[in-house]
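Here is the structure we will look at, set down as structure tokens.
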Amino acid sequence: MKIDTREIAEIAAAQPAVPRVDLYAGIHKALRAFMADTLLGLGRMDVDDDLDFAQGCQRVAQLLDVLQAHLEHENRFVHPAIEARAQGGSHAIADEHEEHERAILRLVRAVADLMACARADRAPRAQALYHALALFVAHNYEHMHLEETAHNAALWRHYTDGELMAVHDVLVSSIPPGEMMLVMRWMVPFMAPAERLALLGGMRQQVPGEAFGAVLDVVRPHLAAREWDKLMAGLGMAGVALQ
């Protein structure tokens, strides 16, 4: 896919003049970061170091679990919302989801085969997995772009922000705590400061203090000192010692 300045301008022009509730923005930033980091880590994995090898393979397996769960969340909550008011609007992406599920299964098997293979076979199998994962990541990046443009256009046309937040809240409430903490680890550090503050400011009002503190503990190691200070100031927590 070739990107030129005209296409970038068209994408920018398609954004609503008044910001709308975006069901994709935060989670897609998380997934882009998680995929990129995992792919890069796989590329530099030392197959002769058993610990590094095990951790690298486990990271790929963890990513695939998250991506499978993400597909299921969209299939269960977002696509039915689109179909309810724009029949057929999610069919193309739904077909791609089926392709992704098959690709994830192939990658899961490839990771298992790599972990079980003889030490002498690790290097070529790891390289093959690296190439397969790279292609999968590349397609996911294009796929997410379509969701953020075509699907958002349909959602914004047929739903109010209040209705979209209702979809968002039901979806988020269905996510198990362990998966949510992993998503927060990849989402919060890779948001813009204003997005980060809006997300955590809202969360602070909705969850118990202990749970909110756990989220901060998860994301703090992945924020630069200046980013952390801005966040604490925005939350009115500057100087507050975290447990």
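The values are calculated or read from the model by the stated rules, or taken from the named source; none is laboratory data. These numbers come from a predicted model, not from an experiment. Every residue, glycine as well, gets a Cβ built from its backbone with ideal geometry; the counts of neighbours run over all protein chains shown. Side chains are part of the model used for accessible areas, which takes the heavy atoms of the whole protein and leaves out ligands, DNA and RNA. Shrake-Rupley method; radii C 1.70, N 1.55, O 1.52, S 1.80 Å.
Of all residues in segment 204-243 being more than 16 Å from PHE190 (Cβ to Cβ) and of a type in the set (D, E, K, R), which is nearest to the chain's Cα centre (by Cα)? Going through the qualifying residues, I end up with ASP217. Taken as a whole, the structure places ARG196 among residues that are among the basic types (Lys, Arg) and open to solvent by less than 70 Å² (accessible area, probe 1.4 Å).
Inside segment 105-127, residues that are surrounded by 15 or more Cβ atoms within 10 Å (Cβ to Cβ) and touching a residue at least 40 places away in the same chain (Cβ under 8 Å) make up a count of 7. The set of residues from segment 73-90 being surrounded by fewer than 17 Cβ atoms within 10 Å (Cβ to Cβ) and within 15 Å of HIS143 (Cα to Cα) comprises just one member, ASN75. If you go through segment 210-223 one residue at a time, do you hit one that is open to solvent by 50 Å² or more (accessible area, probe 1.4 Å) and among the hydrophobic types (A, V, I, L, M, F, W, C)? No, segment 210-223 contains no residue that is open to solvent by 50 Å² or more (accessible area, probe 1.4 Å) and among the hydrophobic types (A, V, I, L, M, F, W, C).
If I filter segment 147-156 for residues that are in a helix (DSSP H, G or I) and open to solvent by 70 Å² or more (accessible area, probe 1.4 Å), do I get at least one hit? There is no residue in segment 147-156 that is in a helix (DSSP H, G or I) and open to solvent by 70 Å² or more (accessible area, probe 1.4 Å). One residue stands out in segment 91-104 among those that are small (Gly, Ala, Ser) and open to solvent by less than 40 Å² (accessible area, probe 1.4 Å): the one that is farthest from ASP50 (Cα to Cα), namely ALA94. The number of residues in segment 157-197 being farther than 20 Å from LEU67 by Cβ, part of a helix (DSSP H, G or I) and in contact with a helix residue (DSSP H, G or I) (Cβ under 9 Å, 6 or more places away or on another chain) comes to 11. Go through the residues of segment 122-136 one by one and say whether even a single one is under 16 Å from ILE27 (Cα atoms) and in a helix (DSSP H, G or I). Checking segment 122-136: not a single residue is under 16 Å from ILE27 (Cα atoms) and in a helix (DSSP H, G or I).
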